[in-house]
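The values are calculated or read from the model by the stated rules, or taken from the named source; none is laboratory data. The shown structure was predicted, so the numbers you read here are calculated from the model rather than taken from an experiment. Cβ placement follows ideal geometry from the backbone for every residue including glycine, while neighbour counts extend to all protein chains displayed. For the accessible areas, the whole protein counts, side chains as well, though only heavy atoms, and no ligand, DNA or RNA atoms are used. Shrake-Rupley method; radii C 1.70, N 1.55, O 1.52, S 1.80 Å.
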Amino acid sequence: MSGTHANTVPLRMCELCHARKPVLRRPKTLQKLCKPCFYHVFETEIHNTIMEAKLFHRGERVAIGASGGKDSTVLAHVMKTLNERYDYGVEFVLLSIDEGITGYRDDSLETVKRNKEQYSMDLEIVSYSELYGWSMDQIVAQIGNKNNCTYCGVFRRQALDRGSVKLGISHILTGHNADDMAETILMNLLRGDVARLDRCTEIVTDSSDSPVKRSKPFKYTYEKEIVLYAHYKKLDYFSTECTYSPEAFRGTARTLIKNLEAVRPSSIIDIIKSGESFVLLKNQKKYPTPAERQETATTMATASTCQNLAQGAPSAFDPNVTRANRCHTCGYLSMNKICKACILLEGLNAGRAKLELDGGVEPTGQAALTKKLEQLSF
Amino acid sequence: MKINIEFSGGLETVFQNIRKYSIDLEAPSDGSPLNIKYLLTYMVDVLMDADSKANGGVGLFLLDGLIRPGVLILINDTDWELEGEEEYLLQEGDIILFASTLHGG
Ligand SMILES: [Zn+2]
Ligand SMILES: [Zn+2]
Ligand SMILES: [Zn+2]
């Protein structure tokens, strides 16, 4: 050994414990870590994020939006781990949406059902048919593949809200990670969507058209580490996640970020930090306060008959709370007179009436048919 | 040389929907090294189905001839970034896992 080198630590060892062989290089810090040290920093960073944002309070019931995919499976696993390790005193419930896609969702719902046992959490599955009177297969059969992302976005968002409301829960966790957030920031920046740019970096999102608040404990967690955590821990997840023709623009932003990351590993965190520093000079929009949201969730939960939007059940979502910010058709919180889901449903139902007049048949499995093509375009 | 290839995260859809391959790899005839870089070319030439190739499947796997950013490679369960990446010389019995991080979930 040459005497010029002061570093006595063998280069092949983990940079934290200096005792074990490293298995990965962290994208965030470029540190080379062994499995136990990786688990430790991965979980601890998420715990720190939770504590800094004061995400939970003792006795709170919190839903985890569970798709059976890697992000939400790792989320459920880590929340269980941290809840036990640090005694948050939180009760977590898995909440899944069954979009009604023949041959696809079945597998991922089976995964979620196993997760329920593995993590001893309650599981609630809400179906599109139950909520909207339409399954995703039927929607695709009706409108084709062109615009179904609009439907899946609006319906999916409301489905999670309505599912939580059914459970009397006003707080949902989603598996959105740092890569997702960097993409969203970049997309809003490129579109000049200043209002969204201002809001999209928040760890807790209070939206004017949602009765439920959403949090992202993985805001600073890299996708690479989520994938490796799931892989090394051998977590049970469903790896072909259906995204239903993902927005082309998001795909472009994603590729751009991945390419940036290849030359500058800190790109993702840098974009998030930049996004956080953007501040709207004057934010004129008014969002419901946590107290208002809580009230809505409670009142909405007590009305149990109104799960079917298609049948229109105004009373359920429309008790003592002001009418001003509610959908006139279904009573769901909305900036406009009619919420987005009801507008989409109106179009669908008009189409269905026409189809029935024409003597058309409702094909099933339409969504599954197009799946292979969608996967080819990520 | 016997090499095992595995996919996770959806990449198998462009490789004939087969998740695990066990292949017998011969040294390149031009004398270039039997490394990951060579393996990537081999996979596109031999393992990727014609349908996927015709529909942009190569672009999901490679970018400018190198692995596409967002696809993780594990060599015998270790991050390939610790093993020399493209230059890693394949060894008998290696398990090479390709995990796509690009898919949501
Ligand atoms: Zn270590
Ligand atoms: Zn979509
Ligand atoms: Zn409505």
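Laid out as a table, the results:
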item	result
So A:Asn115, is it more than 28 Å from B:Gly10 (Cα to Cα), outside any strand (DSSP E or B) and more than 16 Å from ligand 3 (Cβ to nearest atom)	no
Filtered residues of the stretch B:69-98 (kept if in a loop (DSSP other than H, G, I, E, B) and more than 11 Å from chain A (Cβ to nearest Cβ))	B:Gly84, B:Tyr88, B:Leu90, B:Gln91, B:Glu92, B:Gly93, B:Asp94
Which numbered condition A:Val112 misses (of (1) more than 14 Å from chain B (Cβ to nearest Cβ); (2) touching a helix residue (DSSP H, G or I) at 6+ places or on another chain (Cβ under 9 Å))	(1)
Cβ pairs under 9 Å, 6+ apart, first in the stretch A:19-34 and more than 16 Å from A:Val227 (Cα to Cα), second open to solvent by 70 Å² or more (accessible area, probe 1.4 Å) and more than 13 Å from ligand 1 (Cβ to nearest atom)	A:Lys32/A:Leu11
Criterion (away from ligand 2 (no atom under 16 Å from the Cβ), in a helix (DSSP H, G or I) and not basic (Lys, Arg)) met by exactly one of A:Leu123, A:Leu131	A:Leu131
Checking B:Asn55 against (1) at the interface with chain A (Cβ under 7 Å from one of its Cβ atoms); (2) within 19 Å of A:Ala262 (Cα to Cα), the condition it does not meet	(2)
Selection count, the stretch B:43-68, where residues are in a loop (DSSP other than H, G, I, E, B), over 11 Å from the mean Cα position of the chain (by Cα) and closer than 16 Å to B:Ile5 by Cβ	1
Scan of the stretch B:10-27 for residues that are part of a loop (DSSP other than H, G, I, E, B) and open to solvent by 10 Å² or more (accessible area, probe 1.4 Å), ordered by number	B:Gln16, B:Asn17, B:Ile18, B:Arg19, B:Glu26, B:Ala27
Hits in the stretch B:21-34 (condition: more than 11 Å from the chain's Cα centre (by Cα) and at negative phi)	B:Ser22, B:Ile23, B:Asp24, B:Leu25, B:Glu26, B:Ala27, B:Pro28, B:Ser29, B:Asp30, B:Ser32, B:Pro33, B:Leu34
Matching option when the condition is away from ligand 2 (no atom under 16 Å from the Cβ), over 29 Å from the mean Cα position of the chain (by Cα) and of a type in the set (A, V, I, L, M), among A:Ala53, A:Ala19	A:Ala19
Qualifying residue in the stretch A:78-99 (condition: in contact (Cβ under 8 Å) with a residue 12 or more places away in the chain, buried (at least 21 other Cβ atoms within 10 Å of the Cβ), more than 16 Å from ligand 2 (Cβ to nearest atom) and in a helix (DSSP H, G or I))	yes
Matching residues in the stretch A:169-202 - criterion: being at pLDDT 90 or above, part of a loop (DSSP other than H, G, I, E, B) and open to solvent by 10 Å² or more (accessible area, probe 1.4 Å)	A:Ser170, A:Thr174, A:Gly175, A:His176
B:Asp30 more than 22 Å from A:Lys258 (Cα to Cα) and not in a loop (DSSP other than H, G, I, E, B)	no
Every residue from the stretch A:35-54 that is touching a Lys or Arg at 6+ places or on another chain (Cβ under 8 Å), within 21 Å of A:Arg25 (Cα to Cα) and in contact (Cβ under 8 Å) with a residue 60 or more places away in the chain	A:Lys35, A:Phe38, A:Tyr39
Residue in the stretch A:200-219 that is out of contact with any strand residue (DSSP E or B) (no Cβ under 8 Å at 6 or more places or on another chain), within 14 Å of another protein chain (Cβ to nearest Cβ) and more than 16 Å from ligand 3 (Cβ to nearest atom) present	yes
Candidate set: the stretch A:26-56, residues that are open to solvent by 40 Å² or more (accessible area, probe 1.4 Å), within 14 Å of chain B (Cβ to nearest Cβ) and more than 12 Å from ligand 1 (Cβ to nearest atom); chosen: the one farthest from A:Thr201 (Cα to Cα)	A:Leu30
Residue match in the stretch B:28-37 (condition: open to solvent by 60 Å² or more (accessible area, probe 1.4 Å), more than 10 Å from chain A (Cβ to nearest Cβ) and acidic (Asp, Glu))	yes
Residue in the stretch A:153-163 that is of a type in the set (Gly, Ala, Ser), assigned to a loop (DSSP other than H, G, I, E, B) and open to solvent by 10 Å² or more (accessible area, probe 1.4 Å) present	no
Flag if A:Ser239 is modelled with pLDDT under 80 and either in a loop (DSSP other than H, G, I, E, B) or surrounded by fewer than 17 Cβ atoms within 10 Å (Cβ to Cβ) (or both)	yes
Close pairs from the stretch B:81-102: first among the hydroxyl-bearing types (Ser, Thr, Tyr), partner part of a helix (DSSP H, G or I) and surrounded by 15 or more Cβ atoms within 10 Å (Cβ to Cβ), Cβ under 6 Å, at least 6 apart	B:Tyr88/B:Ile36; B:Ser100/B:Leu11; B:Thr101/A:Glu223; B:Thr101/A:Lys224; B:Thr101/A:Val227
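Conditions (1) open to solvent by 40 Å² or more (accessible area, probe 1.4 Å); (2) polar (S, T, N, Q); (3) modelled with pLDDT under 90, marked per residue:
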residue	(1), (2), (3)
A:Ser120	yes, yes, no
A:Gln138	yes, yes, yes
A:Asn148	no, yes, yes
A:Tyr151	no, no, yes
A:Lys166	yes, no, yes
